[in-house]
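Remarks on the structure that follows.
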Amino acid sequence: MRPQDILMPVAAGLCCKPGGFHIDPVRPVERAVITHGHSDHARSGHGAVLATQETLDIMRLRYGDNFAGTTQAVSYGEEIRLNEINIKFHPAGHVLGSAQVAVSCKDTCIVASGDYKNAPDPTCAPFELVPCDVFITEATFGLPVFRHGNAADEIKKLLASVALFPERAHLVGAYSLGKAQRVIALLRAAGYDAPIYLHGAMEKITCYYESRGIALGELRPVKGMKKADLAGTITLAPPSATSDIWTRRFPDPVTAFASGWMRVRARARQRGVELPLVVSDHADWDGLTATIEATGASEVWVTHGQEDALVHWCRASGLAARPLDLVGYGEEDEGDPLPPAEDAQA
């Protein structure tokens, strides 16, 4: 069977007609297979949702108990048959519960990787390489300029700044699902054992991570703290909050942002980021190209991101490649609305 007879891009997203499902659909469908909990991939309103237990739990936290008609939890390595199609979930290393979906029919295997990274991360299962005939890769950082380096070195910059400016608070912009918890874990691994403060929008997902056995040390809500008591501390907040009136509650705050986009200094300046931290939950250029080669795939489909450059690299490497041009996927998301009580109190 030809790959395009198994999976094909349609308006709702990536559709498997023989299996009767879509992968990460951008609009409500009868049956959705969801790779992970970021809101550009995991939307509410589907008739049925298949995902890992963690992804289902995260969707429930964000959208409420009735986010889908029915749900089915799929474990890593578990094979599910949908009509004439077999699907199997494998760790993607992106965030807690993130999965690659291997879609097989007869002798053809297509891996839809979702978002992925192959860098170490103690807050989620590590990326698993899945040999396949066709590999569907993201390209969020699909340009050679994006080489993320060692995240631990970025955390050293943050801690050096905290030591240098003990009279100032440090505000770290980080997305509430995955990035925030990874930054906390990196801080703990670097030996930082002081309390870490959380914006209200961070609390729900971070508590869920802890309930799944991810050790994050002492965490405190920043709400209700006195301004003077926040000198020398680290607070994690959604990126939008770090340029908000909300920051007035902190003494002379140092604004940081943990993102792969911080490799581009112009982006940091545009956002008013004083301390850019190159910490990404996506594969960089080297990670993307190495993973594509290692899968052994003879054909590569590229989606959401810098598609053209990665397609060109694949073709120059002797691989058949094409952009999927799927619409509706973003870089990452803040996911949860900011609690009203957090807004304007100084």
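The values are calculated or read from the model by the stated rules, or taken from the named source; none is laboratory data. If you're wondering where the values come from, they're calculated on a predicted model, not measured in any experiment. We place every Cβ from the backbone using ideal geometry, glycine too, and count neighbours over all the protein chains shown. Just the protein is used for accessible areas: all its heavy atoms, side chains included, with ligands, DNA and RNA removed. Shrake-Rupley method; radii C 1.70, N 1.55, O 1.52, S 1.80 Å.
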Filter the trypsin sites (Lys or Arg not before Pro) in segment 88-176 down to the DSSP loop ones having no more than 14 other Cβ atoms within 10 Å, then list what survives. LYS106, ARG147
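Within segment 49-151, what percent of beta bridges assigned by DSSP are antiparallel, to the nearest 5?
The answer is about 70 percent antiparallel.
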Taking every DSSP bridge whose two residues both lie in the chain, the antiparallel percent to the nearest 5 is 35 percent
Against the longest alpha carbon principal axis of the chain, how many degrees, from 0 to 90 and to the nearest 10, is the axis of helix 200-211 turned? 60 degrees
Around ILE80 (Cβ within 12 Å, Cβ-to-Cβ, excluding ILE80; K/R +1, D/E -1) the net charge comes to +1
Apply the Debye scattering formula to the chain, with a single equal point scatterer on each alpha-carbon and no solvent, then give log10 I(q)/I(0) at q = 0.10, 0.12, 0.15 Å⁻¹. -0.60, -0.84, -1.23
Please turn the phi angles of segment 232-238 into ³J(HN,Hα) values with the Karplus equation 6.51 cos²θ - 1.76 cosθ + 1.60 (θ = phi - 60°), one per residue in order, whole Hz, x for glycine and proline. x, 9, 10, 10, 9, 8, x
Pairs of alpha-carbon atoms within less than 8 angstrom and 6+ residues apart define the contacts here; what relative contact order does the chain have, in percent? 18 percent
Among TYR192, GLY77, PRO131, pick out the residue whose Cα is farthest towards the positive end of the charge dipole of the chain, where Lys and Arg carry +1 and Asp and Glu carry -1 on C-beta, about the Cα centre. TYR192
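Can you compute the helix-only [θ] at 222 nm over the chain? Use -39500 (n - 2.57) per DSSP H run of at least 4 residues, normalise by all residues, nearest 500 deg cm²/dmol. All intermediate terms of the calculation are to be shown ahead of the outcome.
On the way: 8 runs with 79 residues, N = 346.
Rounded to the nearest 500, it is -6500 deg cm²/dmol.
Give me the Kirkwood hydrodynamic radius of segment 8-93 in Å, from all C-alpha pairs, to one decimal place?
For segment 8-93, inverting the mean 1/r across all distinct Cα pairs yields 12.8 Å.
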For a quick protection proxy, order the peptides 196-205, 94-103, 77-86 by their average other-Cβ count within 10 Å, most packed first. 94-103, 196-205, 77-86
Which angle between 0 and 90 degrees, to the nearest 10, do you get for helix 179-189 versus the longest principal axis of the chain when only C-alpha atoms count? 60 degrees
What residue among CYS105, LEU159, ALA12 has its Cα farthest toward the positive end of the dipole of segment 1-159, where the charges are +1 on Lys, Arg and -1 on Asp, Glu, each on the Cβ? ALA12
Give the angle, between 0 and 90 degrees and rounded to the nearest 10, that separates the Cα long axis of helix 53-63 from the longest principal axis of the Cα atoms of the chain. 60 degrees
Carbon-plus-sulfur fraction of the accessible area of the chain, 1.4 Å probe, in percent? 51 percent
Work out the P(r) tail for segment 130-223: percent of alpha carbon pairs separated by more than 23 Å, whole number. 38 percent
If amide H atoms are built 1.01 Å from N in the plane of the peptide, which residues on other chains or at least 5 residues away come under 5 Å of the amide H of LEU14? ILE23
Magnitude of the Cβ-charge dipole (Lys and Arg +1, Asp and Glu -1) of the chain about the Cα centre, nearest 20 debye, reported as 620 debye
Can you tell which of LEU216, ALA201, GLY232 lies farthest toward the positive end of the dipole of segment 169-264, using +1 and -1 charges on the Cβ of basic and acidic side chains (Lys, Arg; Asp, Glu)? ALA201
